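Trainee: So that we are looking at the same thing, I have put the structure below in structure tokens.
The values are calculated or read from the model by the stated rules, or taken from the named source; none is laboratory data. Worth saying up front: this structure is predicted, and the values here are computed from it rather than measured. No Cβ is skipped: glycine too gets one built from the backbone with ideal geometry, and neighbour counts run over all protein chains shown. Only protein heavy atoms, including side chains, enter the accessible area calculation; ligands, DNA and RNA are left aside. Shrake-Rupley method; radii C 1.70, N 1.55, O 1.52, S 1.80 Å.
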Amino acid sequence: MPDIQKLIDNNARWADEKLRQDPEFFNKLSTEQKPQYLWIGCSDSRVPANQITGLLPGEIFVHRNIANLVMQTDTNCQSVLQYAIEELQVKHIIVCGHYGCGGVAKAMSNSQAQIPNEKDPDMMDTWVEQITEINAQNTPSLAHLSKEERFSRLCELNALEQAKNVIKSEAFQRAIDKGQSIQVHSWVYDLKTGKINVLDRYH
């Protein structure tokens, strides 16, 4: 069984090191946050927003869920969007998927099933339904690709679609109507190289 005490010990060392580098680090961090970025990413443990972007605590506001989905019915995600846009006044919203995403793989598996599951759909089936639809909508452009290529391309298509969902959100539309300066970015992170693949930018 993993030792939970390891996390506490790591935290103590990390905090001590931060104080050694800057005695006022936590005092400054505790007073307020002024991030310029909102990161909407996958919950995958291999895709930590701060580390792969080289940003410190307080510099990026983060929301994560399975397969980096932005759904109008998800009050959690929509609340994060509203707070980041209206209260924090972020300048950039980044939707970052990643190659090899388990949520996308689940959607592909559901799409390729020859017969429906006899059991009721589980929570993951319901959660990735939007990606299953994206897969179906793009069947003609995906058909000629190998299975691995289709998988990677669907990770990209999902990130692109979720960025568009950010733009459709009420909070974002209100910001645009007010003339607020804000951009939406669609990225995919490559686990094999550690590099970000920039897909598109909006507004």
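Trainee: Considering only Thr139, Thr193, Thr75, give the residue with the highest GNM mean-square fluctuation for the chain, with springs between Cα atoms whenever their separation is below 10 Å.
Mentor: Most flexible of the set in this elastic network: Thr193.
Trainee: If you don't mind, there's one more thing I want to ask. With an 8 Å cut-off on Cα pairs and a minimum separation of 6 or more residues, tell me the relative contact order of the chain in percent. Write down the numbers at each step before the final one.
Mentor: Numbers: 277 pairs, mean separation 44.5, N = 203.
Taking the mean separation of contacting Cα pairs over the length of the chain, I get 22 percent.
Trainee: Run the simple label-point estimate for Ile8 and Leu145 please: 7 Å along Cα→C-beta, distance reported in nm.
Mentor: 4.7 nm
Trainee: How many Å² of accessible area per residue for the chain, probe 1.4 Å? List each step's numbers first, then the result.
Mentor: Numbers: 12080 Å² over 203 residues.
Spelled out: the 1.4 Å probe surface of the chain, per residue, equals 60 Å².
Trainee: Go ahead and set up a Gaussian network model of the chain, Cα springs under 10 Å, then flag whichever of Pro48, Pro57, Pro23 fluctuates most.
Mentor: In the Gaussian network model the winner is Pro23.
Trainee: What nm distance separates the two modelled labels at Ala105 and His203, each placed 7 Å from Cα along Cα→Cβ?
Mentor: According to this spin-label approximation, the distance is 3.4 nm.
Trainee: Trp39's amide H: which non-local residues (gap 5+, or another chain) put their own amide H closer than 5 Å, with H modeled 1.01 Å from N in plane and none for Pro or chain starts?
Mentor: Here Phe61, Val62, His63, Ile94 satisfy the definition.
Trainee: Give me the three principal axis extents of the stretch 43-115 from the C-alpha atoms, as integers in angstrom, largest value leading.
Mentor: Projected onto the principal axes, the Cα atoms of the stretch 43-115 cover 47, 29, 15 Å.
Trainee: Rounded to whole Å and sorted largest first, list the principal axis extents of the Cα atoms in the stretch 9-84.
Mentor: Rounded to whole Å, the extents work out to 44, 27, 20 Å.
Trainee: Another question, then. If each DSSP helix of 4+ residues adds -39,500 (n - 2.57) and the sum is divided by the residues in the chain, what number results at 222 nm, nearest 500 deg cm²/dmol? Intermediate values should be presented prior to the final figure.
Mentor: Working: 10 runs with 96 residues, N = 203.
The per-residue figure over the chain is -13500 deg cm²/dmol.
Trainee: Can you give the three extents of the C-alpha atoms in the chain along their principal axes, from longest to shortest, in whole Å?
Mentor: 60, 53, 33
Trainee: While we're here: Please list, in chain and number order, the residues 5+ apart from Asn197 or on another chain whose amide H is under 5 Å from its amide H, with Hs placed from the backbone.
Mentor: Val188, Tyr189, Asp190
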